[in-house]
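The structure appears below as structure tokens.
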Amino acid sequence: MTAVLRRFDELWGPQIVGACADALEADGLAISLSVAEAPYAEPLWWTPGVAARFEDLQYTLGEGPGPEALRAGQHVLEPDLAGVLPSRWPALTPAAYKAGVRGACSYYLGTSAVRVGVMTVVTCRQHVFSLQHYLDALALVDRIITGLSRAAPQEMGLDTPDEDDTDLLWGPDADWPVVHQATGMVSAQLGLSLVDALARLRAYAYANDVLLIEVAQGVVARRIHIPGDEGNGRDWADEGEDDRLDP
């Protein structure tokens, strides 16, 4: 942990999540960013594999320690998902188990006045959650809040950044902005608000048991068609190859 904290500024960026996961002896780690007044945090950086899947599930279903931490403004720690009541996260818990997740701890990033986001740590095995793990996670939380406040103060409700500041976060090869693009396309196609268009994408991903990002990429490439109400919206099927997933 000391080595990660010493090199934190050097590692800052998408690679920081891997370093933090290793320092916490976790199988995966993700950082999600609270955007404007949205009730959920958008995935920003994540380690590949189980953390990516878990973060996508939380965003798609609106359940889990991450959404709960953001709403409550406090850490939500469940190192053993087997102990979570089924009624608490009825859709997420079985889906997380299917994905191989056995424990998830979400640390609130922010203050009582400013929501920054959430850091979620996941494990796939029996994991002893010690006081030292908790203290190490809190040390990382402080550094992550500082890093995000430097990179994108506007997203935190602070000073307005330069127009290129968001590149410090997403970077040129980021995946998540494709969800925004797909949301806009579905909104235009079906005549829906952006909120309702995103809800259609999330429902489609859940119904077909695929990642939301994969659905968004398919929509943008016009391989996936999001069905609307009968007679509503414009169909892309005759504009190119249509590899739609059956709902």
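Looking across segment 99-143, just one residue is within 22 Å of D56 (Cα to Cα), β-branched (V, I, T) and modelled with pLDDT under 90, and that is V116.
All of R150, R143, R53, R125 fail the test of being closer than 19 Å to C20 by Cβ and touching a Phe, Trp or Tyr at 6+ places or on another chain (Cβ under 6 Å), apart from R143. If you go through segment 13-32 and pick out every residue that is within 23 Å of Y134 (Cβ to Cβ) and in contact (Cβ under 8 Å) with a residue 60 or more places away in the chain, you end up with 13.
Among the residues of segment 33-52, those identified as without any contact (Cβ under 8 Å) to a residue 24 or more places away in the chain and farther than 26 Å from A199 by Cβ are P48, G49.
Considering L85, L81, L135, the condition of being surrounded by fewer than 18 Cβ atoms within 10 Å (Cβ to Cβ), more than 17 Å from the chain's Cα centre (by Cα) and more than 14 Å from L24 (Cα to Cα) is satisfied by L85 alone.
Where helices (runs of 4 or more DSSP H) fall entirely within segment 1-68, those with at least 3 residues that are within 10 Å of the chain's Cα centre (by Cα) are at 50-61. Scanning segment 95-128 for residues being hydrophobic (A, V, I, L, M, F, W, C) and closer than 15 Å to M1 by Cβ gives a total of 2.
Identify all residues within segment 88-120 that are among the small types (G, A, S) and either exposed (fewer than 14 other Cβ atoms within 10 Å of the Cβ) or assigned to a strand (DSSP E or B) (or both); write none if there are none. Answer for segment 88-120, where residues must be among the small types (G, A, S) and either exposed (fewer than 14 other Cβ atoms within 10 Å of the Cβ) or assigned to a strand (DSSP E or B) (or both): G103, A104, S106, G110, S112, A113, G117. In segment 194-232, of all residues being outside any helix (DSSP H, G or I) and in contact with an Asp or Glu (Cβ under 8 Å, 6 or more places away or on another chain), the one that is nearest to P94 (Cα to Cα) corresponds to L211.
The values are calculated or read from the model by the stated rules, or taken from the named source; none is laboratory data. None of these values were measured; they are calculated from a predicted model. Note: ideal-geometry Cβ built from the backbone for every residue, glycine included; neighbour counts use all protein chains shown.
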